[in-house]
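Enquirer: Sharing a structure below in structure tokens format, with a few things to ask.
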Amino acid sequence: MPTLPNFKIETALAQIGETMRDYPKAAMFQLAAEGYDSLFEQLISCMISIRTYDEVSLPVSRQLFARANTPATMSQLEVAEIESLIRRSTFADRKAAQIHAIATTLVEQYEGELPCDAEVMLGFKGVGPKCAHLALGIGCGQPYISVDVHVHRVVNRWGYVETKTPEKTTQALEQKLPQRHWIETNELLMPFGKQICQGTRPRCSICPVESMCAQVGVSDVR
């Protein structure tokens with residue numbers, strides 16, 4: 001694996017932050033910027049986004065939250081109505097049942113509030129570590145790294161870590177990346193990987209950190 005003696009993660013993140021101002025935010029961060037920043041809203045929006053493009057999950061989440069955006073109001077909806085509101089997302093029927101079950105449990109067992117507790121969140125059907133940790137980072141300010149395919153690809157392409165799966169990347173970043181950058185990494189590298197450091201043909205010619213990147217596995221660029 002190429003070594004990167006000149007790779008400075010803080011410089012890279014700062015430069016990427018400047019560049020990504022001209023691009024759409026990752027879906028959950030965009031919703032937070034619009035005021036949908038409660039832990040419950042963030043968790044539900046993440047569930048909606050699973051296997052669904054941001055271009056779909058954003059308006060779907062807005063449509064659902066216009067109807068109900070708290071556990072109390074969500075629990076009062078029928079599962080069929082939730083499904084209708086999120087029908088453009090993938091697996092809408094399954095997600096609707098899970099969302100209703102979470103809202104009902106929160107009303108019945110947690111006084112209608114979703115606690116900032118990863119263990120509680122991971123106990124809900126349909127909630128995995130990625131959604132729980134990303135929601136806790138945005139909604140509660142807790143330091144978590146949530147690694148999707150984009151973050152995994154980017155940091156391995158840089159040569160910053162050398163891992164085979166997003167789960168292993170999460171572990172490697174937790175060991176190497178300063179904690180103050182964990183949430184920022186989610187915010188920046190998800191859209192960066194989608195818009196610039198793309199999978200098959202990365203746009204290296206406009207990449208702000210091209211000079212620092214080891215370009216691991218890159219064979220075709222734009």
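Enquirer: Is it possible to state the helix-based mean residue ellipticity at 222 nm for the chain, with each DSSP H run of 4+ residues giving -39500 (n - 2.57), the sum divided by total residues, to the nearest 500 deg cm²/dmol? What is it? Don't jump to the answer; show the numbers that get you there.
Expert: Values: 12 runs with 126 residues, N = 222.
For the chain, the value works out to -17000 deg cm²/dmol.
Enquirer: With unit charges on the beta carbon (Lys/Arg positive, Asp/Glu negative), name the residue among Ser61, Val151, Ala26 whose Cα is farthest towards the positive pole of the charge dipole of the chain.
Expert: My answer, from the dipole projection, is Val151.
Enquirer: Still on this structure: Over the chain, what is the mean sequence separation of C-alpha contacts under 8 Å (at least six apart), divided by residue count, expressed as relative contact order in percent? Provide the component values of the computation, followed by the final result.
Expert: On the way: 294 pairs, mean separation 53.3, N = 222.
Result for the chain is 24 percent.
Enquirer: Among Ser45, Ser75, Ser211, which one shows the highest mean-square fluctuation when the chain is modelled as a Gaussian network with alpha-carbon springs under 10 Å?
Expert: Ser211
Enquirer: While we're here: About the Cα centre of the range 49-145, how large is the charge dipole given +1 on each Lys and Arg Cβ and -1 on each Asp and Glu Cβ? Please answer in debye to the nearest 20.
Expert: Numbers: 9 positive and 11 negative charges, 83 e Å.
Charge dipole of the range 49-145: 400 debye, to the nearest 20.
Enquirer: Mind running the shape call on the range 27-140? Use the C-alpha gyration tensor, a ≥ b ≥ c as the square roots of the eigenvalues: rounded below 1.5 for a/c, prolate if a/b tops b/c, oblate otherwise. Don't skip to the end; give the middle numbers.
Expert: On the way: a/c = 1.38, a/b = 1.09, b/c = 1.27.
It comes out rounded by the Cα gyration axes.
Enquirer: Please work out which option in (i) 56, 31, 28; (ii) 57, 36, 31; (iii) 48, 37, 34 gives Cα extents along the principal axes in Å calculated from these coordinates, and answer with its label.
Expert: (i)
Enquirer: Enumerate the lysines that Lys8 could reach by cross-link, defined here as Cα to Cα under 17 Å, with residues fewer than 8 away along the same chain left out.
Expert: In chain and number order, the partners are Lys176.
Enquirer: Sticking with this one: Taking the beta-carbon count within 10 Å as an exposure proxy, list Met28, Met20, Met74 from fewest neighbours to most. List each step's numbers first, then the result.
Expert: Working: Met28 31, Met20 20, Met74 23.
Least crowded to most crowded, the residues run Met20, Met74, Met28.
Enquirer: On to the next question. Tell me the relative contact order for the range 27-140 as a rounded percent, counting alpha carbon contacts under 8 Å between residues six or more apart.
Expert: 31 percent
Enquirer: Most fluctuating residue of Lys130, Lys164, Lys25 in a GNM of the chain with Cα springs under 10 Å: which is it?
Expert: Lys164
Enquirer: Still on this model: Cα gyration tensor of the range 59-103, axes a ≥ b ≥ c as square roots of the eigenvalues: rounded (a/c below 1.5), prolate (a/b > b/c) or oblate? Before the final figure, lay out the partial values.
Expert: Numbers: a/c = 1.88, a/b = 1.18, b/c = 1.59.
Here the range 59-103 falls in the oblate category.
Enquirer: Another question, then. Specify the residue with the greatest mean-square fluctuation among Leu106, Leu77, Leu31, computed from a Gaussian network of the chain linking alpha-carbon atoms under 10 Å apart.
Expert: Leu77
Bear in mind these aren't lab numbers, they're just calculated from the coordinates by the rules spelled out. Keep in mind the model is a prediction, meaning the values are calculated, not measured. Glycine also receives a Cβ, built like all others from the backbone with ideal geometry; neighbour counts cover every protein chain displayed.
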